[in-house]
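Would you mind keeping the following structure in view while I ask a few things?
The values are calculated or read from the model by the stated rules, or taken from the named source; none is laboratory data. Quantities reported herein were computed from a predicted structural model and do not represent experimental measurements. As a convention, Cβ positions derive from the backbone with ideal geometry for all residues, glycine included, and neighbour counts pool all protein chains shown.
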Amino acid sequence: MQSYSIFSLARNALSGHQNWSKAWRSPPLKKRYDVIIIGAGGHGLATAYYLAKNHGITNVAVLEKGWLGGGNIARNTVTIRSNYMRDESIPFYVKSVKLYEGLTKELNYNLMYSKRSMIDVVQTYPKLREIKRRMFNGDLHGSAYERIEVDELRRRIPPLTGGGPESRLPILAGMVHPSAAVCRHDAVAWSYARAADDRGVEIHQNTEVLQLLRDSTDGSINGVETNRGTVYADKVAVVVSGHTTSITDTIGLKLPLKSFNLSAFVSEPVKPIIDVIVNCPDIGVYLNQSDKGELVIGGAPDAGQSFRRDIKQQVFEDAVCSMLELFPSFKRLKLMRQWGGTLDIAHDATPIVSQTDVQGLYVSAGWWGGFKAVPAGGYTLAHLIAKNEQHELTAPFSLNRFKRLDFILEAGTTTAT
Ligand SMILES: Cc1cc2nc3c(=O)[nH]c(=O)nc-3n(C[C@H](O)[C@H](O)[C@H](O)COP(=O)(O)OP(=O)(O)OC[C@H]3O[C@@H](n4cnc5c(N)ncnc54)[C@H](O)[C@@H]3O)c2cc1C
């Protein structure tokens with residue numbers, strides 16, 4: 001793998017940037033692999049990388065129907081955090097944040113990782129109680145969450161001029177999650193792809209999986225049918241974000257998932273005005289300022305189930321109105337782009353990283369806030385595929401919880417995904 005550094009940048013500048021080697025290959029598609037991963041998003045590529053790096057399994061094909069990193073990994077608002085509610089969830093996200101911190105070095109790729117901290121603007125007592133619960137629970141698992149008073153909140157977020165005592169929902173307090181960060185989303189996909197390819201993993205773009213294939217004698221998985229022909233493997237992982245059920249439906253496997261649209265939009269670039277991630281859970285909006293100066297803004301998922309990837313007008317208006325309640329000066333901002341993505345959300349709003357009842361078939365799904373989870377999601381799924389046993393961090397995320405009605409209810413703990 002070509003090393004990226006200030007020296008290689010200077011050297012390549014001298015030759016007009018004509019001599020960079022390709023970041024990953026486009027090899028011919030073979031007939032058989034040890035493992036097929038469906039979906040070259042963050043989770044699929046991270047899984048391929050950790051399979052090769054941690055378990056020495058390199059005869060792996062990642063099949064992607066579009067282009068690498070063109071799904072939700074390219075569509076999210078890049079918030080990385082671990083302030084979850086449940087004992088089962090927090091250690092997993094703490095691990096993911098930790099892995100993110102070292103990823104630029106590990107993958108030799110500038111992820112533009114920036115630790116910003118996230119501040120919740122709390123406007124109702126139920127939310128304050130719920131966040132305080134998260135604070136105590138986070139404390140037990142090494143995820144810090146601290147209360148600040150309104151004056152300090154306004155000092156840290158200067159454009160936050162709404163939410164005064166006369167307003168519909170006056171601000172009560174702020175809660176700070178210091179380890180929250182942002183990083184460049186495309187770079188996460190590209191860096192994992194480059195490092196996986198370097199270890200022998202094959203990434204096949206424009207290769208759509210149309211059907212899962214089962215052995216006619218014992219029913220185990222034995223490959224996939226794609227738009228480029230049949231490819232065989234004894235282990236297949238479905239890692240396709242919002243489209244999991246479209247794939248598992250092809251063998252009649254029902255999963256407790258529903259697909260929803262989540263959207264976001266960005267303003268024109270302005271001078272630095274906010275250096276933290278701001279989350280306003282009571283009114284359903286969150287934002288941060290990108291390195292380019294744009295405000296990156298998101299709201300809650302659209303309540304109606306769908307596979308759409310655009311943005312519904314009323315969802316967009318709700319998010320804008322909410323934002324203007326607290327940040328009235330932003331009404332002068334011009335918005336530049338808006339977009340959406342399809343997420344699948346499990347019935348208890350907790351991810352699924354699991355074997356299925358079909359031998360050899362694995363799923364990683366339910367990632368409605370799954371950008372932050374990419375490193376730990378890939379790390380633990382690789383462990384599961386390689387050893388056929390759950391990693392301790394994702395043991396609670398197995399499908400068995402639905403059989404035992406042992407739900408991990410994370411729903412409603414936050415707006416920021
Ligand atoms: C607007 C928005 C904002 C978000 N903000 C955040 C945030 O701030 N923080 C956070 O943690 N998370 C956030 N998320 C969620 C996060 O983006 C996703 O949970 C995460 O990216 C999903 O994992 P992934 O990267 O593997 O998915 P994807 O990048 O979607 O990868 C799945 C891949 O599978 C491919 N695929 C689908 N079907 C097939 C098929 N049949 N054959 C072959 N390939 C197939 C797709 O083309 C896609 O490339 C946000 C999502 C959206 C939409």
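Restricting the stretch 375-394 to residues that are more than 16 Å from the ligand (Cβ to nearest atom) and in contact with a helix residue (DSSP H, G or I) (Cβ under 9 Å, 6 or more places away or on another chain), which is nearest to residue 281 (Cα to Cα)?
First, pick out the residues of the stretch 375-394 that are more than 16 Å from the ligand (Cβ to nearest atom): 383, 386-393.
Of the ones still in play, those that are also in contact with a helix residue (DSSP H, G or I) (Cβ under 9 Å, 6 or more places away or on another chain) are 383, 386-387, 389-393.
Values: 383: 35, 386: 39, 387: 39, 389: 37, 390: 33, 391: 32, 392: 31, 393: 27 Å.
It comes out as 393.
Looking at the structure I just gave you, is residue 65 in contact with a strand residue (DSSP E or B) (Cβ under 8 Å, 6 or more places away or on another chain), within 14 Å of the ligand (Cβ to nearest atom) and more than 30 Å from residue 279 (Cα to Cα)?
Numbers: in contact with a strand residue (DSSP E or B) (Cβ under 8 Å, 6 or more places away or on another chain): yes; within 14 Å of the ligand (Cβ to nearest atom): yes; more than 30 Å from residue 279 (Cα to Cα): yes.
When the stated conditions are applied, residue 65 passes them.
Taking the stretch 325-351 as the search range and keeping residues that are of a type outside the set (D, E, K, R) and in contact with a Phe, Trp or Tyr (Cβ under 6 Å, 6 or more places away or on another chain), which one is nearest to residue 393 (Cα to Cα)?
Taking the stretch 325-351 as the starting set, the residues that turn out to be of a type outside the set (D, E, K, R) are 326-330, 333, 335-336, 338-343, 345-347, 349-351.
Imposing the further condition that a residue be in contact with a Phe, Trp or Tyr (Cβ under 6 Å, 6 or more places away or on another chain) reduces the set to 335, 338, 342-343, 345, 351.
Values: 335: 40, 338: 35, 342: 26, 343: 22, 345: 19, 351: 12 Å.
If we take residues in the stretch 325-351 being of a type outside the set (D, E, K, R) and in contact with a Phe, Trp or Tyr (Cβ under 6 Å, 6 or more places away or on another chain), then 351 is nearest to residue 393 (Cα to Cα).
When you scan the stretch 213-237, how many residues do you find that are more than 10 Å from the ligand (Cβ to nearest atom) and touching a strand residue (DSSP E or B) at 6+ places or on another chain (Cβ under 8 Å)? It would help to see each step written out before you state the result.
At the first step, the residues of the stretch 213-237 found to be more than 10 Å from the ligand (Cβ to nearest atom) are 213-223, 225, 228-237.
From what is left, the residues that are touching a strand residue (DSSP E or B) at 6+ places or on another chain (Cβ under 8 Å) are 213-215, 220-223, 225, 228, 230-237.
Here the count works out to 17.
Can you pull out every residue in the stretch 72-93 that is away from the ligand (no atom under 14 Å from the Cβ) and part of a helix (DSSP H, G or I)? Write out each step before concluding.
Filtering the stretch 72-93 down to residues away from the ligand (no atom under 14 Å from the Cβ) leaves 85-88, 90-91.
Passing the criteria: 90, 91.
Another question, then. For the stretch 113-220, which helices (runs of 4 or more DSSP H) that fit wholly inside it have 2 or more residues that are surrounded by 19 or more Cβ atoms within 10 Å (Cβ to Cβ) and of a type in the set (Gly, Ala, Ser)?
Details: elements: 125-141, 150-156, 185-198.
Correct list: 185-198.
Condition first: closer than 29 Å to residue 4 by Cβ and more than 18 Å from the chain's Cα centre (by Cα). Can you find one or more residues in the stretch 110-117 that meet it? Steps first, answer last, please.
Step one: list which residues in the stretch 110-117 are closer than 29 Å to residue 4 by Cβ, which gives 110-117.
With the extra rule that they be more than 18 Å from the chain's Cα centre (by Cα), the set shrinks to 110.
Yes.
Please specify each residue of the stretch 57-74 satisfying the condition of being crowded, with 20+ Cβ neighbours inside 10 Å and within 17 Å of residue 339 (Cα to Cα).
Answer for the stretch 57-74, where residues must be crowded, with 20+ Cβ neighbours inside 10 Å and within 17 Å of residue 339 (Cα to Cα): 69, 71, 72, 73.
Working only within the stretch 333-349, note down all residues that are within 13 Å of the ligand (Cβ to nearest atom) and assigned to a loop (DSSP other than H, G, I, E, B).
Keep residues of the stretch 333-349 that are within 13 Å of the ligand (Cβ to nearest atom), which gives 337-346, 349.
349, the sole residue that qualifies.
Something else now. Search the stretch 23-44 for residues being in a strand (DSSP E or B) and of a type in the set (A, V, I, L, M, F, W, C), and hand back the single one that is farthest from the ligand (Cβ to nearest atom). Step through it out loud before you land on a result.
Of all residues in the stretch 23-44, those in a strand (DSSP E or B) come to 32, 35-38.
Narrowing the set further to residues that are of a type in the set (A, V, I, L, M, F, W, C) leaves 35-38.
Details: 35: 15, 36: 10, 37: 9, 38: 5 Å.
Checked the stretch 23-44; the qualifying residue farthest from the ligand (Cβ to nearest atom) is 35.
Residues of the stretch 101-138 being over 30 Å from residue 48 (Cβ atoms), acidic (Asp, Glu) and at pLDDT 95 or above, which ones?
120
Scan (1) more than 21 Å from the chain's Cα centre (by Cα); (2) of a type in the set (Val, Ile, Thr); (3) assigned to a strand (DSSP E or B) for the single condition residue 57 breaks and write down its number.
For residue 57, the exception is condition (3).
Then there is this: Of the numbered conditions (1) within 11 Å of the ligand (Cβ to nearest atom); (2) hydrophobic (A, V, I, L, M, F, W, C); (3) in the same structural domain as residue 390 (by TED's automatic domain parsing); (4) out of contact with any Gly (no Cβ under 8 Å at 6 or more places or on another chain), residue 367 fails exactly one; give the number of that condition.
It fails just one condition, (4).
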